[in-house]
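A.B. asks: What follows is a single structure, and I will ask about it in a moment.
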Amino acid sequence: MYKHNGKKAFSLAMIIIPWLTVLFMGKKSFFRFLPVASFINLFISVLSLISNKKNWWRNKNPLSPGYIDFSYILGPYYVATLWIFKLTYGNFPKYLITNIVLDSINAFPFASICEKFGVFKFKKMKHTTWYFICVFLSIFIYGFQYIVEQSIRQTSSSQSSYE
């Protein structure tokens, strides 16, 4: 019983604590980077479904007992994506270095902690593979955000020319 309550407390903390930091982000930044954070989290959710079929990892989270660990995806992963973009977007080398460091923390000590608490377990995938997937995805979503920003600028300039 205690172990199950520990898993629940850990999972709840994974959701609540990161979202408390969003209060300091600012409304403008939050909405600016909401599309890219939503996009990558949708992508990670689909990847989780595939990983279950391929047995790459298993979700054992009591708060999201299905194939997708929403505590992780909607908690630290989502909020970290927002913060990384807020603090580094527009400076790709800074963005990439930040992601390399944070993805290594995510793939090694954080994933090991999640495994220790019993909410998640790598099966056929190694921590190193997860690290490289995360770094690749960070590069990919930087391009996604660039396209979003270009679309917004283009829409704004075309609307102002009509006024």
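A.B. asks: Note the direction-averaged projected area, equal to a quarter of the hull surface, for the Cα convex hull of segment 1-75, in nm². Before the final figure, lay out each step's value.
C.D. replies: On the way: hull surface 22.1 nm².
Result: 5.5 nm².
A.B. asks: Would you rank Lys54, Lys126 by solvent-accessible area, highest first, keeping every protein chain in place and using a 1.4 Å probe?
C.D. replies: Values: Lys54 110, Lys126 140 Å².
Output order, biggest surface exposure first: Lys126, Lys54.
A.B. asks: Provide the per residue accessible area, probe 1.4 Å, for segment 84-142, rounded to a whole number of square angstrom. Write down the numbers at each step before the final one.
C.D. replies: Working: 3210 Å² over 59 residues.
Value returned for segment 84-142: 54 Å² of accessible area per residue.
A.B. asks: If you take the beta carbon distance between Tyr67 and Ser38 as r and set R0 to 25 Å, what does 1/(1 + (r/R0)^6) give as a FRET efficiency, to the nearest 0.05? Present the calculation step by step, with values, prior to reporting the outcome.
C.D. replies: Numbers: r = 19 Å, r/R0 = 0.77.
Once the sixth-power term is evaluated, E becomes 0.80.
A.B. asks: Right, next: When only Cα pairs under 8 Å and 6 or more residues apart are kept, what is the percent relative contact order across the chain? Numbers along the way, then the final one.
C.D. replies: Details: 145 pairs, mean separation 46.3, N = 163.
About 28 percent, as a whole number.
A.B. asks: Take the solvent-accessible surface of the protein heavy atoms, probe 1.4 Å, and return the percent of it on the chain that carbon and sulfur atoms account for.
C.D. replies: Details: 6700 of 9680 Å².
Ligands and nucleic acids excluded, carbon and sulfur reach 69 percent.
A.B. asks: Here is a follow-up. Using only helices, what value at 222 nm comes out for the chain when you add -39,500 (n - 2.57) per DSSP H run of length 4 or more and divide by the total residues, to the nearest 500 deg cm²/dmol? List each step's numbers first, then the result.
C.D. replies: Numbers: 6 runs with 116 residues, N = 163.
So the calculated ellipticity at 222 nm is -24500 deg cm²/dmol.
A.B. asks: Residue separation times 0.36 nm, minus the C-alpha to C-alpha distance between Lys121 and Tyr146: what's the value? Mind showing how you got there, number by number?
C.D. replies: Working: separation 25, 0.36 × 25 = 9.00 nm, distance 3.38 nm.
Extending this stretch completely gives an extra 5.6 nm.
A.B. asks: What is the total of Lys pairs in segment 51-163 with C-alpha atoms under 27 Å apart, excluding same-chain pairs fewer than 8 positions apart?
C.D. replies: 19
A.B. asks: For segment 20-28, what does the Karplus curve 6.51 cos²θ - 1.76 cosθ + 1.60, with θ = phi - 60°, yield as ³J(HN,Hα) per residue in whole Hz, taken in order and with x for Gly and Pro?
C.D. replies: 5, 6, 4, 4, 9, 7, x, 4, 4
A.B. asks: So if I take the centroid of the Cα atoms in segment 3-50 and the same for segment 83-158, what is the distance between those two points in Å?
C.D. replies: Centre-to-centre distance over Cα atoms comes out at 13 Å.
A.B. asks: In addition: Label-point separation (nm) for Thr21 and Ser156, each offset 7 Å from Cα along Cα-to-Cβ?
C.D. replies: A separation of 2.7 nm, rounded to one decimal place.
A.B. asks: Sticking with this structure for a sec: Given +1 on the Cβ of Lys and Arg, -1 on the Cβ of Asp and Glu, and no further charges, what dipole in debye does segment 1-121 carry about its Cα centre, rounded to the nearest 20?
C.D. replies: Values: 14 positive and 3 negative charges, 32 e Å.
For segment 1-121, the charge dipole is close to 160 debye.
A.B. asks: On to the next question. Rg and Dmax of the chain over Cα atoms: what are they, in angstrom?
C.D. replies: Cα radius of gyration and Dmax of the chain are 17.4, 65 Å respectively.
The values are calculated or read from the model by the stated rules, or taken from the named source; none is laboratory data. Since this is a predicted model, take the numbers as computed values, not measurements. Positions of Cβ are backbone-derived with ideal geometry, glycine not excepted, and every protein chain shown enters the neighbour counts. Keep in mind that these areas ignore ligands, DNA and RNA; they rest on the heavy atoms of the full protein, side chains included. Shrake-Rupley method; radii C 1.70, N 1.55, O 1.52, S 1.80 Å.
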